[in-house]
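Asker: Just passing along the structure, written as structure tokens.
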Amino acid sequence: MTLLQAIAPIIGGLVFFVFGLQTVNRAVEKLSGAYLKVALNLLTGNRVAGAVVGMVSSFALASTSAATVLFVGMGNTGLLTLRQAIPVILGAAVGTSLTVQVIAFDLGRWSIFIITAGFILRLTGKYDYRRDVGRAIFGVGLVFFGVAMMKGGAQAAVTSATLEALMKFFERLAVNPFYLFLLGIGVTAVLQSSAITMALAFAFGVSVEAAIPIAIGASVGTTTAGLVSGAASKPIGKQIAVAHFVMKLLAASFFMLMLAPFTQTIKIWALRLDVSPIHTIANANTLYNVLSAVIFLPLVPVVEQFVLSIAGQAKLAAPFGGLSLSDLDDPPAAVSKAKGQTVKMGRIALSMLRRELSAFLVDSRKVVDEILDSREVVLTIDTVLGDFVRRIDETRLSGEDNRTRDRLLYCERDIGYVSDVIGRELAPLARKKTRRGVDFSIEGAQQFERFHRLVADDFSEALDLLEGLPANAEAVLAHAGTVDAMRRELALAHIQRVSQGVTADVETSRILLDAVAALRVIHYYVCDMIRLLANEETPLPSHLERP
């Protein structure tokens, strides 16, 4: 048997395994991504609850690395502080060890039936969520099929002289557990999943003594994805990534020092319970992560201070002041807190809108990137805030508080729409203008700036009214007709400039007119907010047609 023939089934099985994990990851993220964010925000005030949410998140996503990238991103968007993230990270490691437990079961013979069931459900599902469930089942089947294929390939590959030499080299490597520890780090850093590393160990029949230091090293290797993600993140994202690395390194160092008694204890219990070597390795991996979580959970404040000291940074509050389930115990106070978060969400969207003007006139790619980052923050707040407001017990609210609650839901919706228009329409138009290297004419730029400032100022008035500050609601509603007139005037003037050769680029004309149309849509949502906040019984004026 040639080397290629020997390793082909192993590589093929690895491809099926990785693709299956990614399929499960994407399907679960679509099915529960918003719910995970809500749970993380509402439950992370309690360390144990935060660890449980982290465990569920990691098990559902089938990867500690994917979960850590999610947590770093949530820190950037304001859902998690460093102290909240630490228990979640500890729970995530336990979640991945449960994934390894599932992989340890020999379900390869049933994998084709699981794949078929997932494929049929994906193909015949009438609704998106059913198709996503089908994708998840399909992915699980591919995982088991990949493991079985790797095991079969590894068993057949022992006849290859090259692989036999490699196995002998591995045996010499196994003399020093530290080398195996480094091997676990390296393989996991490359493959970005400790589950894949452990699946390879199962496939090659690695002994319990050798697999445990590999598993400990794999836990450290999972931090690389978070470190890479954190390097390009805001300070709070960096802190979360560093905390993940520090805890994994400290835990790994402790257990490597205690490796001999730890391994001996695992083997004794495996012998008493008559557990197979593969399940013994999976149990050791789970026990290692559970004990790590038990050790570090009481030390969360200590870990936080240590991370801040080595990072040389001050403690950062989350940009989004977290809501918790305990806030719902006092419904009137919950309404007040939700109102404050709705205003904060609106101010972020207003800041996005004002910065969008410079993105059009100054051609700054950095500004567009900042706007898109802010949109992620708004989307996160929108997801969590909407769920929180709907949970407030209406029966324990006064009539006025109930009306405020209903207004908040509508205002949150309108602010979300404004953010969508900025992120999905205005930002791509600004980026397109920059990429093409074109400019508006001087007159066109001045008209666009006036139009933009009017819309932004009216949005600011709406947010002032929401916050309870003095605001001229009637003037904003009256501006609706002005906005339409200015839009028509700007379009006619621009067409006239094109016909006169002042603006020769037709694409520039389209960018300008599309941007103006998007601003008109934003003004519609602003007027909708004003009408609701000023007097919810007043119908929209006739000139305020939905764009």
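Asker: Could you list, in sequence order, the residues of the range 438-470 that are among the small types (Gly, Ala, Ser) and touching a residue at least 12 places away in the same chain (Cβ under 8 Å)?
Answerer: First, the residues of the range 438-470 that are among the small types (Gly, Ala, Ser): 441, 444-445, 456, 460, 462, 468.
Within the range 438-470, 441, 444, 445, 456, 460, 462 meet the criteria.
Asker: Now for a different question. Residues of the range 324-366 being assigned to a helix (DSSP H, G or I), closer than 15 Å to residue 393 by Cβ, at pLDDT 85 or above and not hydroxyl-bearing (Ser, Thr, Tyr), which ones?
Answerer: Once the filter is applied, which keeps residues that are assigned to a helix (DSSP H, G or I), closer than 15 Å to residue 393 by Cβ, at pLDDT 85 or above and not hydroxyl-bearing (Ser, Thr, Tyr), the range 324-366 yields 331, 332, 333, 334, 335, 337, 338.
Residues checked against (1) more than 20 Å from residue 353 (Cα to Cα); (2) touching a His at 6+ places or on another chain (Cβ under 9 Å); (3) in a helix (DSSP H, G or I); (4) modelled with pLDDT of 85 or more:
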{"site": "429", "(1), (2), (3), (4)": "no, no, yes, yes"}
{"site": "432", "(1), (2), (3), (4)": "no, no, yes, yes"}
{"site": "444", "(1), (2), (3), (4)": "no, yes, yes, no"}
{"site": "464", "(1), (2), (3), (4)": "no, no, yes, yes"}
{"site": "469", "(1), (2), (3), (4)": "yes, no, no, yes"}
{"site": "481", "(1), (2), (3), (4)": "yes, yes, yes, no"}
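Asker: Taking only the range 285-312 into account, find how many residues are loosely packed, with under 13 Cβ neighbours inside 10 Å and hydrophobic (A, V, I, L, M, F, W, C).
Answerer: 3
Every residue, every condition in (1) assigned by TED's automatic domain parsing to the domain that holds residue 456; (2) closer than 17 Å to residue 521 by Cβ; (3) of a type in the set (A, V, I, L, M, F, W, C), yes or no:
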site	(1), (2), (3)
347	yes, no, no
352	yes, yes, yes
366	yes, no, no
371	yes, yes, yes
379	yes, no, yes
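Asker: May I ask you to list pairs of residues, at least six apart or on different chains, whose Cβ atoms are under 9 Å apart, with the first in the range 271-298 being farther than 26 Å from residue 46 by Cβ and assigned by TED's automatic domain parsing to the domain that holds residue 211 and the second being acidic (Asp, Glu) and assigned to a helix (DSSP H, G or I)?
Answerer: From residues that are farther than 26 Å from residue 46 by Cβ and assigned by TED's automatic domain parsing to the domain that holds residue 211, there are no pairs.
Asker: Shifting gears a bit: Filtering the range 12-27 down to residues that are in contact with a Ser or Thr (Cβ under 8 Å, 6 or more places away or on another chain) and surrounded by fewer than 22 Cβ atoms within 10 Å (Cβ to Cβ), which residue is modelled with the lowest pLDDT? Give the steps one after another, and end with the answer.
Answerer: The initial filter retains those residues of the range 12-27 that are in contact with a Ser or Thr (Cβ under 8 Å, 6 or more places away or on another chain), namely 18, 21, 25.
From what's left, surrounded by fewer than 22 Cβ atoms within 10 Å (Cβ to Cβ): 18, 25.
On the way: 18: 76, 25: 66.
Result: 25.
Asker: Take residues that are within 22 Å of residue 99 (Cβ to Cβ) and tell me which of the helices (runs of 4 or more DSSP H) falling wholly in the range 230-313 contain 3 or more.
Answerer: Counting at least 3 such residues, we get 235-257, 259-273, 277-296.
Asker: In this structure, is residue 422 at pLDDT 90 or above, among the aliphatic types (A, V, I, L, M) and out of contact with any Pro (no Cβ under 8 Å at 6 or more places or on another chain)?
Answerer: Details: at pLDDT 90 or above: yes; among the aliphatic types (A, V, I, L, M): yes; out of contact with any Pro (no Cβ under 8 Å at 6 or more places or on another chain): yes.
So residue 422 passes the test.
Asker: Same structure, new question: Could you tell me which of the residues 400, 443 is under 20 Å from residue 530 (Cβ atoms), over 33 Å from the mean Cα position of the chain (by Cα) and charged (D, E, K, R)?
Answerer: Matching residue, one of 400, 443: 400.
The values are calculated or read from the model by the stated rules, or taken from the named source; none is laboratory data. Just so you know, these numbers come straight off a predicted model, no measurement behind them. As a convention, Cβ positions derive from the backbone with ideal geometry for all residues, glycine included, and neighbour counts pool all protein chains shown.
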